[in-house]
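Asks: This is the structure I want to talk about, given as structure tokens.
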Amino acid sequence: MKKRNTLLLSMTQTSIIEINCLNNKPAMKLFALLPMLLGFLAIGQSNAAVGTTHLLCYYDGDSFIREGLSKLTLNDLEPAMQFCTHLIYGYAGINPSSNKLVSTNEKRDLDLGSSLFRSVTGLKKKYPALKVLLSVGGDRDAPEEENSKYLTLLESSNARIPFINSAHSLVKTYGFDGLDLAWQFPKNKPKKVHGGIGSFWKGFKKIFTGNHIVDEKSEEHKEEFTALVRELKNAFRPDGYILGLSVLPNVNSSLFYDVPALINNVDYVNLHAYDFQTPVRNPEVADFTAPIYELNERNPEFNVNYQVQYWLNNHAPASKINVGVATYGRAWKITKDSGLTGLPPVAETDNVGPAGLQTQIAGFYSWPEVCAKLPNQANQHLKGADGPLRKVGDPTKRFGSYAYRSADDKGENGLWVSYEDPDTAALKAAYVKSKGLGGIALVDLSYDDFRGGCTGNEKYPILRAIKYKL
Ligand SMILES: *[C@@H]1O[C@H](CO)[C@@H](O)[C@H](O)[C@H]1NC(C)=O
């Protein structure tokens, strides 16, 4: 709680100077003018920074082939383009036998045949300032146990060559402006939590991190990734293509990214600082999935600020760092033993909550799906699994929102959801501004309320809230 005022400080500094000026006696006016002028200069500078703040919007091509209301067509996509500086199309993958960058198998027809690649880059005709990038990996290329293709490719410089050539050729052929390297490095193993509710509250000491080694060869892979980035940048330089980096959720930056060695060869770094706790990773305890600041001493690294600070401390320029913001929530089933308050961390949870009606992914709700569960006209008289959740905002502005419904007498229908809404997303944009960072990377347009069904018929409310703050 001590850190609460740091955000406010930078905002109020200039007004303090002005107040001081007003209170000074006439004789002091000249002296008073100096800080005032400096104050104006500072304002001028921060205004200049506004123009360069980036809003990188991820667009998952799979949303084009979803069923029902979650299907997002190019017509649905267009209203977002006035707000995004970059559109990042996801996701291409690696063919493990050729080491080439390819359209992922399920989507081959979509990307190339029906040419979604070209339609997406074609949006630049109407929005000439828009940069359109192709993203590789992004946790979407084959199941996790096969992830090693991302490591074996790194391990030989011969394997890197076809990757680099095919990446350059895909970018060029389809008119992309560059590549977003969302490399699928192995993730941290989730922390285990033991004990019933009593022992849980008694101490966080029971949590043990385990000595699990994420990757025995992480030092080598780190060096090799730096080489890949350098080689890609060299291949891209003649055409001026953008090369960006995405650090995926729960990938430990200190294991895989040599920040000083690679930062000069990338145009930006998207820190996907969300999904720190999820019902899949942590089925027995529910907690905020993407807090800005440290929740408590249990998980000092599981917040936006830690991730940002890590890159800044390793000499990444602030202007290259973008904070990843998710447009969805994560839902745990809560039990009778979870208690009635909903106050996180919520113990004795029972795995993922039921799938959303539209997205159909267990324990995962898009913003319109979360929104429909919050108290509204349609659900005010409903009971059981259809009844409204109780919404709990975040007056501290540090951790995010959650909503929940305690389990009933039979132990059923308990649900706890941690989510991002337009207000909390705006707080992250304010954080980005106060730290002078590059911008926000929004993941994903297809999970924002692109139909505008939730609040006041406004399409893309999370995207808009961020844009207005940046
Ligand atoms: C990340 O790796 C460092 C060692 O490089 C380790 O000290 C730290 O605990 C790891 N973080 C997590 C969340 O596993």
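Laboratory data are not the source of any read-out in this text; all were calculated from the coordinates shown. Predicted model only: the values in this text are computed from it and were never measured. FYI the Cβ positions are ideal-geometry reconstructions off the backbone, even for glycines, and counts take in every protein chain you see.
Asks: Could you grab the Rg to Rh ratio for region 269-365? Cα atoms only, Kirkwood for Rh.
Replies: Using only Cα positions, Rg/Rh for region 269-365 is 1.05.
Asks: Local charge sum around Tyr460 (other residues, Cβ-Cβ under 11 Å, Lys/Arg +1, Asp/Glu -1)?
Replies: -1
Asks: For a quick protection proxy, order the peptides 434-440, 449-455 by their average other-Cβ count within 10 Å, most packed first.
Replies: 434-440, 449-455
Asks: So how do Thr396, Thr359 line up by other beta-carbon neighbours within 10 Å, fewest first?
Replies: Listed from fewest to most nearby Cβ atoms, that is Thr396, Thr359.
Asks: Considering amide H positions built from the backbone, and no H for Pro or chain starts, which residues 5 or more places from Leu133, or on another chain, come under 5 Å of its amide H?
Replies: Leu87, Ile88, Tyr89, Asp177
Asks: Grab the beta carbon distance between Thr455 and Ala385, set R0 = 22 Å, and tell me the FRET efficiency rounded to 0.05. Intermediate results must be reported in sequence, preceding the final value.
Replies: Values: r = 23 Å, r/R0 = 1.06.
Once rounded, the FRET efficiency stands at 0.40.
Asks: Here is a follow-up. Please give the contour-minus-distance gain from His212 to Thr341: 0.36 nm per residue of separation, less the Cα-Cα distance, rounded to one decimal in nm.
Replies: Result for the pair: 43.1 nm of gain on full extension.
Asks: When you have a sec, figure out the Kirkwood radius of region 346-451 from all distinct Cα pair distances and drop it here in Å to one decimal?
Replies: Details: mean 1/r = 0.0652 Å⁻¹.
Mean inverse Cα-Cα distance, inverted, gives 15.3 Å.
Asks: Which length gain, in nm to one decimal place, applies between Thr73 and Ser169 when the Cα-Cα distance is subtracted from 0.36 nm times their residue separation?
Replies: 31.9 nm
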